[in-house]
1. How much mean residue ellipticity at 222 nm does the chain get from its helices, if each DSSP H run of length 4 or more adds -39500 (n - 2.57) and you divide by all residues, to the nearest 500 deg cm²/dmol?
2. What are the lysines whose alpha-carbon lies under 29 Å from the alpha-carbon of Lys279, with same-chain residues fewer than 8 places away excluded?
3. Once the convex hull of the alpha carbons of the chain is built, what does its volume come to per residue, in cubic angstrom?
4. Can you spot the aspartates and glutamates whose alpha carbon is less than 20 Å from Lys329's alpha carbon? Ignore those fewer than 8 places along the same chain.
5. Mind checking the range 284-374 for chymotrypsin sites (Phe, Trp or Tyr not before Pro) that DSSP puts in a loop (not H, G, I, E or B) and that have at most 15 other Cβ atoms within 10 Å?
6. Could you please report the charge total around His383, scoring K, R as +1 and D, E as -1 over all other residues with beta-carbon less than 10 angstrom from its beta-carbon?
7. Angle between the Cα long axis of helix 332-343 and the longest principal axis of the chain, 0 to 90 degrees, nearest 10?
8. Round to the nearest 10 and give me the degree value, 0 to 90, for the angle of helix 103-116's Cα axis relative to the longest principal axis of the chain.
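Each value in this text was obtained by applying a stated rule to the coordinates, not by laboratory testing. Model, not experiment: these values are computed from the prediction. Cβ atoms come from the backbone with ideal geometry, glycine included; neighbour counts cover every protein chain shown.
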Amino acid sequence: MAQRRYLHLNLVANDLNLHQGAQKAEQARGIPDRGAFERLLEYGRFGDEGLFTALFVGDIPGMQGSPAFDGGPAEPITALTAISQHTRHVGLIATASTTFYDPYNLARLLASLDQASDGRAGYNAVTSVVDRFALNYSLDRHLDREARYHRADEFLQVLRGLWDNRSLRPDGDGRLRFHAEPINHRGEHFQVTGPLNIAPSRQQRPLIAQAGGSGAGIAVAATHADMVFTNSSTRASAAAYRETLDKALVEAGRTPGTVPPVPGLIPYLGRTAAEAEEKLRELDSHVDWAAMAPFALGQFGLDIPLGEVSDPFPAHLLPRPEDVEATIKSTFGNYVAIYTFVQERPGVTVGEVVAQAVGRGGATHRKFVGSYDELADDFAAWHEDGSVGGFNLMFAAGAAAIREFIDEVVPRLIDRGIYRSTPFDIPLRERF
């Protein structure tokens, strides 16, 4: 009998993706402030309770451009190692830059998280994009896109080699002992002898995730990833991405369909669509959109003059994605998403673009505004298509919105037979 295919839902577990009015909205409702670590543990509890496949913690390795209210986010591996001691089932995916880390050091850190969590660790490999961040890591300037992905490919080769060349196996006396072999890697960017001196967990190595949006990113994902984070805003674009990824998997000698794409989604929910829209309006009322406007395109390194927030957005000045794929700052998929958003909405205002790009949380990922039943219908349609493995959920209104989703939407998904009703008890990598 074929195994039932369930929807994977990952919970983005830091405040990077909050609506920019969320903090003031909490204050207006009398919700007390919570420290950064208390909020992290809160995400962990929600992760287990909501039967999420994994927590995903993004990273900004420097101060510039961080929208987190506490200046963060916390360093993901440290944060998730702490969360691992307060959770039992949810996977723990940490983001770290292949541009700024050393592969041997990162292999040790992630292997330690994997041990601490009993095989629930994952690694989101990113290349980083902000020039000023490079100055924090003994670099004169940031690498260009082609060089970053070339380095990332070799970085992941080293990481996999270190993780794969070790085992726990019984010796002649029947006792388990740790064995590891050197990898003797001599490459363009790294010289690593090995072996790795951290024993494997029950999943052998952490899951590898990658946000493959550009051609170079998709190639790296097809070679190394177990899961891919995407920015598909429609079912048609998700199907097109799946086709592109499957072709890349074949070229990399892997089986098509074995690496699930997982797009991001920011839900704004209510008992009715009208109630959800009113909640969003209330959050919007706490934001100075004019002050936020420079960040909307600045994150992509674009200098396009913007007028008042009520003015039409100058769509004719926005370059086509194919013209800036090699030079665009930030994630290429995020740029494609905001470009598509503008092109599909003739007459869209500056304020609406600012809200989509940065103000309403979750970068440029799809925003869903509707009722609990409407979201369940939406998930069921995407699940039936089979183009995605699930969704990376960002809750822009914080803990109250996560609580609402767990109480109202999760039971509806379980009733439809598209979401697990019991926690995972297998290692993270096997879940995908």
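1. Rounded to the nearest 500, it is -11500 deg cm²/dmol.
2. Straight-distance partners of Lys279: Lys24, Lys367.
3. 152 Å³
4. Leaving aside aspartates and glutamates fewer than 8 places away in the same chain, those within reach of Lys329 are Asp59, Asp131, Asp140, Asp144, Glu146, Asp153, Asp303.
5. Working: sites: Trp289, Phe295, Phe300, Phe332, Tyr335, Tyr339, Phe341, Phe368, Tyr372; in loops: Phe300.
Sites meeting the loop and neighbour criteria: none at all.
6. On the way: positive: Arg5, Arg416; negative: Asp378, Glu384, Asp385.
Result for the neighbourhood of His383: -1.
7. So the helix axis and the longest Cα principal axis differ by about 20 degrees.
8. 90 degrees
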